[in-house]
1. Excluding same-chain pairs closer than 8 in sequence, count the lysine pairs in the chain whose Cα atoms lie under 28 Å apart.
2. Which value in nm describes the separation of the simple spin-label points at Asp164 and Ile43, placed 7 Å from the Cα toward the beta carbon?
3. With θ set to phi - 60° and the Karplus curve 6.51 cos²θ - 1.76 cosθ + 1.60, what are the ³J(HN,Hα) couplings of region 119-125 in order, to the nearest whole Hz, using x for Gly and Pro?
4. Working out 0.36 nm times the residue gap between Ile229 and Val84, then minus their Cα-Cα distance, what length gain in nm do you get to one decimal?
5. Among Thr20, Phe115, Asn196, which residue has its Cα furthest toward the positive end of the charge dipole of the chain, with +1 on Lys/Arg Cβ and -1 on Asp/Glu Cβ?
6. State, to one decimal in nm, how far the label point of Arg111 lies from the label point of Glu199, with both points 7 Å from Cα in the Cβ direction.
7. Using the Karplus curve 6.51 cos²θ - 1.76 cosθ + 1.60 with θ = phi - 60°, what ³J(HN,Hα) values do you get for each residue of region 109-117, in whole Hz, with x for Gly and Pro?
8. Over the alpha-carbon set of the chain, work out the extent along each principal axis and list the three values in angstrom, largest first.
Amino acid sequence: MSTANMNTGQVRVVDPVLSTVAHGYVSPDFVGGILFPFVDVDISGGKVLTFGKEAFQQYSLRRAPGADTPRVSFGYQGAPYSLVQDAIEVPVPREHQRDASVMPGIDLGTRAVNFGMRIVMQALEVDRAAIALNAANYDNDHKVALTSGDKWSAETGTPSADIDTAKEAVRASTGMIANTVLLSAVAFNAARNNANVLERFKYTSSDSVTADMLAKLWDVERVVVGRAISADDAGAFSDIWGNNAVVAYVPASPAGMEQPSYGYTYRMRGHPAVEQAYWDQRSKSWIYGVTMERAPVLTGMAAGYLIQNPN
């Protein structure tokens with residue numbers, strides 16, 4: 001069939017309606033975007049725009065008549081990045097719809113896209129956690145491995161003091177106040193049941209300690225809990241965020257990669273994209289394809305602090 005004889009739906013490669021569904025996909029299980037928010041890029045590879053102390057230093061702005069105007073640049077070009085493409089197809093068998101002779105309606109299409117997006121976002125969550133939890137990405141002033149009585153699960157553990165230490169390390173290195181704490185599920189349980197934390201709340205609340213309560217206690221904008229798990233090829237499950245806590249400065253609504261931050265997820269503009277569904281005779285199913293090109297990167301090398309083994 002020539003392009004001239006195709007209708008609008010056949011010519012279109014990307015389904016704009018279901019791509020909007022994919023863009024709006026949110027799962028409370030995946031919290032890595034709190035540390036690595038999306039920023040769109042137009043090329044699949046380049047240099048990471050990173051921020052050192054020069055992004056936070058004070059500049060002399062005085063200008064004498066006829067003199068050059070002071071000039072600054074956005075960060076500096078760091079390590080190379082290359083977007084990877086995650087793609088998956090989700091079938092909708094004809095048996096799942098009343099009228100098997102027509103393309104599935106928006107409800108079935110949305111369900112297929114959301115299922116595909118969950119798989120795509122879980123892969124991204126694993127990649128984000130691998131970067132954030134790699135102790136080699138932090139200098140000695142921005143990480144600690146708790147042992148024995150220092151663990152938050154011990155009666156002598158001091159989660160609030162450890163968070164304060166992390167916040168001060170970020171402030172001293174960047175001038176920014178850490179506003180985000182990501183706790184793994186086991187770290188959250190250790191913190192909320194810690195004797196020192198419970199003591200702080202015993203006169204104000206009889207409820208179980210929540211993430212929002214910890215955010216107020218630690219004077220940060222948000223505490224999020226990474227509860228997602230993944231399974232290996234053998235079917236063994238593990239916590240994606242392990243036994244860790246990450247304290248970081250991340251802008252709540254970044255305007256672009258030029259804004260200093262602990263990290264970003266570079267994403268191809270227009271992604272995730274949902275392809276037009278097509279009929280597969282062999283499986284007797286309509287096939288929905290979801291694609292996203294992305295790369296999580298560290299951009300503010302001193303804007304984060306890693307706490308290992310809190311439980």
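1. Total qualifying Lys-Lys pairs in the chain comes to 12.
2. 4.8 nm
3. 5, 5, 6, 5, 4, 5, 4
4. Going from the current span to full extension adds 50.0 nm.
5. So the residue furthest toward the plus end is Thr20.
6. 5.3 nm
7. Along region 109-117, the couplings run x, 5, 5, 5, 5, 5, 5, x, 5 Hz.
8. The principal-axis extents, from largest down, are 68, 67, 37 Å.
Every number here is computed from the coordinates shown, using simple stated rules; none is lab data. Everything numeric in this text was worked out from a predicted model, so none of it was measured. Reconstructed Cβ throughout: ideal geometry from the backbone, glycine too, with neighbour counts over all protein chains shown.
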